[in-house]
Every structure is written in C-alpha cells, then in structure tokens.
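Worksheet for the structure shown next.
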Amino acid sequence: MAPARRREAPAAAGRVSRVTAMGRVRVGIGGWVFAPWRRHFYPPGLPQARELEHASRALAAIEINATFHGPQRPESFRRWREATPDGFVFALKGPRWITHRRDLGETAAGVARFLDTGVMELGDRLGPILWQFAATRRYEPEAMATFLAALPRAHGGQAVRHAVEVAHASFADKRFVGQLRDAGVALALIEAPAAVMLADVTADFVYARLKASIATQKLGYPKAALDRWAARFRAMAGGLPAPDLPCADPDRAPRPQAHDAFVFFIGGAKQQNPAAAMALQGRLDAPRGGDRA
C-alpha cells in the first residue's frame, strides 16, 4: 500500500485563490465542564449551571463526549438545546459499544437505538455525529461497508450527518476514501501523534479534531500555526483539499463548492483550547490580511 501523499503546495494555493464560495466554519472545543476553564475561560463567579450558556456564546460549536461512554437522557438534550443560541451546533460522539465491537454486523440496530435515546431533541442544534474507531482497528473493506451502510442520512424526519475517525495507517487507502465518498460520510482530519492524518474531503462538510495545543502558548498554538490552520480550513470550506496535508487519494480532482466545516480543539493542553478555538475562529471570520490576535 502506497503511503498517503501530500499535494504540491504551489498548485493547490493557486486553486484556493479562485475559490469564490466558502461554507461556514464553526470552531469549538470538547465539552464545557472542565475545572481549569474556570480560571482560563469562564468569568469569575459564573455559576457552573451557566457554563454552557457562556461557552455557546463565545464559541460556535461543542463536541459532546458523554454520548461515547453511555446514553444520555432526552431531557438533557432538550436542556442543552434550550441553553444555546440560534446557529450554535453540538457534535456528538457515537457510542463506543458500536464502534469498538469486533463484529460490525449489528451496527444498524445499534445506530437506530442510539438516535432514539433523545439525540433528535437537539433539533437544529444537532451537528455531525462522529464515529471514533479504536486505534487498533485496521481497515477491512467489507466490515467498513457494513458499518457505512448502517448510517442513516435522516432519522425522525431530520437530516443526520456522519463523520468517521480512524487512527491506523492501514486506512490510508483509496478504497476507504472511495467508500466514504459513496456514503457521503466525512473523514475526520486528526492532528495527533498516534493517528494517521488524512485530509481527503469525502462529504459535503469537513470535520477536524486538533489535539496538539501547548500549555506554554497563550493561544494554545503559535500564531503562525493558527494562520496555517486557517488557510487550510478556508480551502476545505471551498471544497478543496488543504494544500499541504496528506491525502489517501491525492489525485482525485477537487470540485470547488461550499462546504461547512466543524473544527474542534480536543485534548492536548486542554486548558488552552477555548483560547485556541476563539483565535482560529477570529482568523476565519476576519477579512484576509486583517489583524489577527
């Protein structure tokens, strides 16, 4: 199997300059309850019960990890929806008892049960569902086909979008990327030491998890690194691959068109992640060449 290859930056940069339509890029963090954020992010004295209210007005999205570990109550989803403003989005991690089972043959029934736990109570706050596979899982085309076929594009009359996170190097395979494209499922772009990084655009949206924030950096990342990520997500929100990141299928001709993007700062120096998210969002929202923090 040939390793994932990076696109040549000069040619890609030329394509990016011709993108005229860019989808909305929402940048956020994982969860909203974390004690150090009461020193780094939340105002002094803010009651814990109002932390989601504050976070959802400072950030554009939050990824919920609790759904990975176990079912949540329908009233919890309703409460989260009511606490957040219009335009805000939650991404959810699908349950590990689905993604971490050896046999994916019963995936369809499990996915339906998960969606029926109250997920749809989020209404228009529901963003993509991320299905995170174990780092030890290798690419098996037949098993992946079974899994992808079980992911519904709608449930209860509401559209549902899906993303897949993989870590093993065997997934750097054109066949895998083709399966995702056929299913309309996004390949999550992962920045982490132990994961394979692939930036193929496989759906009508982009999903990314950045896990390398640094405790000694006020914004979590050096400013130059945030500038690079902003340029990459501008390209991907225009339907193009990031110019300097590896793809499993680098020869696939891009189709420039608007794609929404969901970017989450997860793990790393977690106390710095809200600052990193706001700094990246500011770069993406600002006119190119404008002032940047």
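Laboratory data are not the source of any read-out in this text; all were calculated from the coordinates shown. The structure displayed is predicted, hence computed values, not measured ones. Counting neighbours? That spans all protein chains shown, and the Cβs are built from the backbone with ideal geometry, glycine included.
With respect to Leu92, is the statement that it is surrounded by 21 or more Cβ atoms within 10 Å (Cβ to Cβ), among the hydrophobic types (A, V, I, L, M, F, W, C) and over 19 Å from Ala208 (Cα atoms) true? So Leu92 does not fit the description; no.
For every residue, the table says whether it meets (1) within 23 Å of Lys93 (Cβ to Cβ); (2) small (Gly, Ala, Ser).
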position	(1), (2)
Lys174	no, no
Val177	yes, no
Leu180	yes, no
Ala192	yes, yes
Phe205	yes, no
Arg209	yes, no
Pro222	no, no
Trp229	yes, no
Ala237	yes, yes
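Taking region 155-167 as the range and being small (Gly, Ala, Ser) and without any contact (Cβ under 8 Å) to a residue 40 or more places away in the chain as the test, the residues that pass are Gly157, Ala159, Ala167.
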